[in-house]
Amino acid sequence: MDAGFPVVKLDNVRKQYGSFVAVHQADFSIGRGEFFAMLGPSGCGKTTTLKMIAGFEQPTAGRVFLEGEDVSQVPPHKRNVNTVFQQYALFPHMSVFDNVAFGPRSKKINEAEVKTRVNEMLEVVRLGDFAARRPAQLSGGQQQRVALARALVNYPSALLLDEPLAALDLKLREAMQIELKRIQREVGITFVFVTHDQGEALTMSDRIAVMSEGLVEQVGAPVDIYARPETLFVAGFIGSANLLPGTVMSSDGAGTRVQLLDGTQVVVAAGNSAPNASLSQGNQVTVMLRPEQVVLESEGSMKVFITDTVFQGSSVRVVGRTANDTEVTAIVPAGSNHKAPSAGESVFMQWHASAPYLLEGWPETAGSTNTNVDSIEATL
Amino acid sequence: MVLLAVGVVALAAEWVTGGLATGLIAVLIVSVVAIIWIAIMGGLEARRALAPYGLLKPGILWLSLFFLAPLWSMFEMSLSSKKSRFDFFPKFTWDWSNYTKALTDYAPQFGRSFLYASIATILTLLIGYPLAYAIAFRGGKYRTMLLGLVAVPFFTSYLIRTLAWQNLLADAGPVVSIMKTLRLENILEWLHIMDNGRLINTPAAVIGGLTYNFLPFMILPIYVSLEKIDVRLVDASMDLYTTASGAFRRVVLPLSMPGIFAGSLLVFIPAAGDFVNAKFLGSPETTMIGSSIQDQFLVQLNYPLAAAMSFVLMAVITVSVLIYARFMGTEDLA
């Protein structure tokens, strides 16, 4: 982050529609040149937050700062941010060139300068040869890049992207992820990116704000959010995790001993817990074990009955049930010394002493959360 | 298909008569039956190939019989001459004098029709566009109902609506008395809307009637073109530093041009040829070409002149529409 002020700063922003609270409290800053993602399931308030930064919505309470200036009540056309809309919202009656030139022309920049800037930006998005085409004559990926160029040509303080890849098919989406990163490096503009796809957020962002039901659950780097989630929601939403509820038995300098519901006792290393987790005796906590941290052995303390194995190419995903019928998942790398057990067998779960991580409270549903494991593995 | 159309026109326009005509009818029937026969007996390929022609057939037959054939006989009539005023069977003689007479004697009526129709078109646009805009963007769940209300006048006959206007604008009618109570006569006189304290039988009344009667034809196509516009385009243009009015001028208006174009045609063309409004709401000084044609056809029984006048009207409208289309550049709009 630069010295001076952050590019975007949300100061206790709240948005309410009648009695419905879309955003309870958003309070974070986005630094210069950062690739920042707002991640959460639909209805979590991420798009509303983006609209408040763009100016299409005004906060009910709190303030929005751009480049240190309070813009909470400033209309969109007077804010130096630009948006890439979800379905791109390209002007169908204009050529690609005129679409990109729309912003500079609104600012009454002289036509020669407009021409240079537009052509330059079309080169950046690799659409130099398409200037004369109409949006309808372009593919989805090309339209996406026109939308990018149309926003970036104005050199905004921040570029806001509302689910920009949602309309593309998988292959194209992956290519565009790389393309977006390249463009962002090239222009050095702050990108604020809204997505519900955690794989996408982890792949692309420098930092992520994970949101749920109008609340910002955690803001941090992808690695931190994955390894050190602060809430049960984050632990379950990002990647897949085994969330095992239990009770604190004792805690000292070496670690915390937790008794899980199936009777197994787990020692969680000191410091391996969420900041808000209370370690006092008798407190209800959850132990998180990522599937790739679990090893299946023929002996140990935590007995698991295997119900299913799924071959995934580089690994085998093993699903089982604990003594108290909680579902757990383990990832066994293919070709490792550990042969994956088959369904119907009983094995024991083990892990490295540094693996267990402690979270406050009990989850709504105990056991493994199933999100797309492959995209996480590709990232981390 | 073209041959079929020519055949029907030939019959209807009496190019062929007697035994030849009977032969032609036989040929036409045989060809139609043959196409149907091939379609039934032929395989899927043949049916697929013939399907478009089959679908065209009813339309072509209908138009040949009731549009092309009468058009041809009208054209023939416009070049015919009468031996005397009471000769009711004019002879086709390539008599172009009907056209010179139509152009010279009726120049004022042609001019007036164009002027009135143009003003009515502009007025319907000025009234209809905001209305269509409001229904399309602010109508919400009442959209369908509001559109229905736009079409409600069609439940009453055109003639009756115009007669109702006659009552409204009459010297003893409500509009005149309200205007007098509000002391607006002087302004209205100054605007040439009122003439010596009268609203009826003025050009303004004729134009008002045209505007009223053709307004829905402007609203509906504009509504259709506005309704298709993605409102996020307005958001996008605001995001790109335009004000609300700039967004309208640069995005919404250009995208609704096809609707404006269609609406203008639907209002201008019938308004230019209209004879009802001029007859009921106008005076001899406001006669439009439509009423002159009607007069020549039905009162004077001068068919050749009336036919020539109709053809001039048709030609002038076609040319002006083509110029308008070029000016609007509609082929450029998706």
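The values are calculated or read from the model by the stated rules, or taken from the named source; none is laboratory data. The structure displayed is predicted, hence computed values, not measured ones. Cβ placement follows ideal geometry from the backbone for every residue including glycine, while neighbour counts extend to all protein chains displayed.
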Given (1) crowded, with 17+ Cβ neighbours inside 10 Å; (2) touching a residue at least 60 places away in the same chain (Cβ under 8 Å); (3) not hydroxyl-bearing (Ser, Thr, Tyr), number of the condition A:GLY188 does not satisfy | (1)
Among the residues of the stretch A:63-80, which ones are at the interface with chain B (Cβ under 8 Å from one of its Cβ atoms) and either crowded, with 22+ Cβ neighbours inside 10 Å or in contact with a Cys (Cβ under 8 Å, 6 or more places away or on another chain) (or both)?
-> A:PRO76
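Taking B:ASN186 as the residue in question, decide whether it is of a type outside the set (Val, Ile, Thr), part of a helix (DSSP H, G or I), closer than 19 Å to B:LEU123 by Cβ and in the same structural domain as B:PHE114 (by TED's automatic domain parsing).
no
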Residues being within 26 Å of A:ARG105 (Cα to Cα) and outside any strand (DSSP E or B): count how many of those fall in the stretch A:59-77.
-> 8
Within the stretch A:323-339, track down each residue that is closer than 21 Å to A:LEU244 by Cβ and either at pLDDT 90 or above or of a type in the set (A, V, I, L, M) (or both).
-> A:ALA323, A:VAL328, A:THR329, A:ALA330, A:ILE331, A:VAL332
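How many of the residues in the stretch A:81-103 are more than 9 Å from every other protein chain (Cβ to nearest Cβ) and in contact (Cβ under 8 Å) with a residue 12 or more places away in the chain? It would help to see each step written out before you state the result.
Taking the stretch A:81-103 first, the residues more than 9 Å from every other protein chain (Cβ to nearest Cβ) are A:84, A:95-101.
Going one step further and asking which of them are in contact (Cβ under 8 Å) with a residue 12 or more places away in the chain, we end up with A:84, A:95-97, A:99-101.
Number satisfying all stated conditions: 7.
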Test: residue in the stretch B:144-158 that is over 30 Å from B:VAL231 (Cβ atoms), out of contact with any His (no Cβ under 6 Å at 6 or more places or on another chain), in contact (Cβ under 8 Å) with a residue 24 or more places away in the chain and assigned to a helix (DSSP H, G or I) = yes
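Being more than 16 Å from the chain's Cα centre (by Cα), within 14 Å of chain A (Cβ to nearest Cβ) and within 18 Å of B:THR124 (Cβ to Cβ) narrows it down to one residue among B:LEU253, B:LEU281; which is it? Write out each step before concluding.
Details: B:LEU281 fails: within 14 Å of chain A (Cβ to nearest Cβ).
The match here is B:LEU253.
Looking at B:ALA39, B:ALA51, B:ALA69, can you tell me which residue is hydrophobic (A, V, I, L, M, F, W, C) and touching a Lys or Arg at 6+ places or on another chain (Cβ under 6 Å)?
On the way: B:ALA51 fails: touching a Lys or Arg at 6+ places or on another chain (Cβ under 6 Å); B:ALA69 fails: touching a Lys or Arg at 6+ places or on another chain (Cβ under 6 Å).
The conditions single out B:ALA39.
Could you say which residue among B:ASP95, B:ASP105 is exposed (fewer than 15 other Cβ atoms within 10 Å of the Cβ) and either under 22 Å from the mean Cα position of the chain (by Cα) or not basic (Lys, Arg) (or both)?
On the way: B:ASP95 fails: exposed (fewer than 15 other Cβ atoms within 10 Å of the Cβ).
When all the criteria are applied, what remains is B:ASP105.
Output the number of residues of the stretch A:18-37 satisfying the condition of being within 12 Å of A:GLY214 (Cβ to Cβ) and touching a residue at least 40 places away in the same chain (Cβ under 8 Å).
So the first thing to find is which residues in the stretch A:18-37 are within 12 Å of A:GLY214 (Cβ to Cβ), and the list is A:20-26.
Now restrict to residues that are touching a residue at least 40 places away in the same chain (Cβ under 8 Å): A:21-26.
Residues flagged as within 12 Å of A:GLY214 (Cβ to Cβ) and touching a residue at least 40 places away in the same chain (Cβ under 8 Å) within the stretch A:18-37 amount to 6.
Has the stretch B:318-329 got at least one residue that is within 16 Å of the chain's Cα centre (by Cα), under 21 Å from B:LEU79 (Cα atoms) and away from chain A (no Cβ under 14 Å)?
There is at least one residue in the stretch B:318-329 that is within 16 Å of the chain's Cα centre (by Cα), under 21 Å from B:LEU79 (Cα atoms) and away from chain A (no Cβ under 14 Å).
When residues of the stretch B:166-180 are filtered for being assigned to a loop (DSSP other than H, G, I, E, B) and either modelled with pLDDT of 90 or more or surrounded by 11 or more Cβ atoms within 10 Å (Cβ to Cβ) (or both), how many remain? Spell out how you get there, then give the answer.
Narrowing the stretch B:166-180 to residues assigned to a loop (DSSP other than H, G, I, E, B): B:170-173.
Applying the additional criterion that residues be either modelled with pLDDT of 90 or more or surrounded by 11 or more Cβ atoms within 10 Å (Cβ to Cβ) (or both) yields B:170-171, B:173.
Count: 3.
Pick from A:THR83, A:THR48: which is in contact with a helix residue (DSSP H, G or I) (Cβ under 6 Å, 6 or more places away or on another chain) and of a type in the set (Val, Ile, Thr)? Break it down into steps so the answer makes sense when it comes.
Details: A:THR48 fails: in contact with a helix residue (DSSP H, G or I) (Cβ under 6 Å, 6 or more places away or on another chain).
That would be A:THR83, the only listed residue that is in contact with a helix residue (DSSP H, G or I) (Cβ under 6 Å, 6 or more places away or on another chain) and of a type in the set (Val, Ile, Thr).
Here are B:ALA247, B:ALA205: which of them is surrounded by 21 or more Cβ atoms within 10 Å (Cβ to Cβ), within 14 Å of chain A (Cβ to nearest Cβ), touching a residue at least 12 places away in the same chain (Cβ under 8 Å) and not hydroxyl-bearing (Ser, Thr, Tyr)?
Values: B:ALA205 fails: within 14 Å of chain A (Cβ to nearest Cβ).
Exactly one residue qualifies, and that residue is B:ALA247.
Working carefully through the options A:LEU165, A:LEU180, A:LEU138, A:LEU159, find the one that is over 19 Å from A:GLY55 (Cα atoms) and touching a helix residue (DSSP H, G or I) at 6+ places or on another chain (Cβ under 6 Å). Before you say what the answer is, go through the steps one by one.
Details: A:LEU180 fails: touching a helix residue (DSSP H, G or I) at 6+ places or on another chain (Cβ under 6 Å); A:LEU138 fails: touching a helix residue (DSSP H, G or I) at 6+ places or on another chain (Cβ under 6 Å); A:LEU159 fails: over 19 Å from A:GLY55 (Cα atoms).
Checking each option against the conditions leaves just A:LEU165.
This table checks each residue for (1) out of contact with any Gly (no Cβ under 9 Å at 6 or more places or on another chain); (2) surrounded by 21 or more Cβ atoms within 10 Å (Cβ to Cβ); (3) of a type outside the set (A, V, I, L, M); (4) within 27 Å of A:GLY236 (Cβ to Cβ).
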position: A:LEU10; (1), (2), (3), (4): no, yes, no, yes
position: A:ILE30; (1), (2), (3), (4): yes, yes, no, yes
position: A:GLY33; (1), (2), (3), (4): no, no, yes, no
position: A:GLY45; (1), (2), (3), (4): no, yes, yes, yes
position: A:ALA61; (1), (2), (3), (4): yes, no, no, no
Can you name every residue in the stretch A:130-147 that is touching a Phe, Trp or Tyr at 6+ places or on another chain (Cβ under 9 Å) and in contact (Cβ under 8 Å) with a residue 40 or more places away in the chain?
-> A:PRO135, A:LEU138, A:GLN143, A:GLN144, A:VAL146, A:ALA147
Could you please find all residues in the stretch B:1-58 being farther than 30 Å from B:GLU76 by Cβ and loosely packed, with under 11 Cβ neighbours inside 10 Å?
-> B:VAL33, B:ALA34, B:ILE40, B:MET41, B:GLY43, B:LEU44, B:GLU45, B:PRO52, B:LEU55
Members of the stretch B:227-244 that are within 7 Å of chain A (Cβ to nearest Cβ), farther than 18 Å from A:LEU159 by Cβ and surrounded by fewer than 19 Cβ atoms within 10 Å (Cβ to Cβ) = B:ASP230, B:THR243
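May I ask you to say which residue of A:ARG133, A:ARG126, A:ARG150 is within 14 Å of chain B (Cβ to nearest Cβ), surrounded by fewer than 23 Cβ atoms within 10 Å (Cβ to Cβ) and among the charged types (D, E, K, R)? Walk me through how you get there before you give the answer.
Numbers: A:ARG126 fails: within 14 Å of chain B (Cβ to nearest Cβ); A:ARG150 fails: surrounded by fewer than 23 Cβ atoms within 10 Å (Cβ to Cβ).
Answer to the check: A:ARG133.
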Given (1) of a type outside the set (S, T, N, Q); (2) in contact (Cβ under 8 Å) with a residue 24 or more places away in the chain; (3) farther than 19 Å from A:ALA235 by Cβ, index of the condition A:VAL318 fails = (2)
Spans of helices (runs of 4 or more DSSP H) in the stretch B:1-96 with at least 2 residues in contact with a Ser or Thr (Cβ under 8 Å, 6 or more places away or on another chain) and touching a residue at least 24 places away in the same chain (Cβ under 8 Å) | B:2-12, B:69-78
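Within the stretch A:296-324, can you find the residues that are part of a loop (DSSP other than H, G, I, E, B) and either acidic (Asp, Glu) or more than 29 Å from the chain's Cα centre (by Cα) (or both)?
Pass one, the stretch A:296-324, residues part of a loop (DSSP other than H, G, I, E, B): A:298-301, A:312-314, A:323-324.
Hits for the stretch A:296-324 are A:SER298, A:GLU299, A:GLY300, A:SER301, A:ALA323, A:ASN324.
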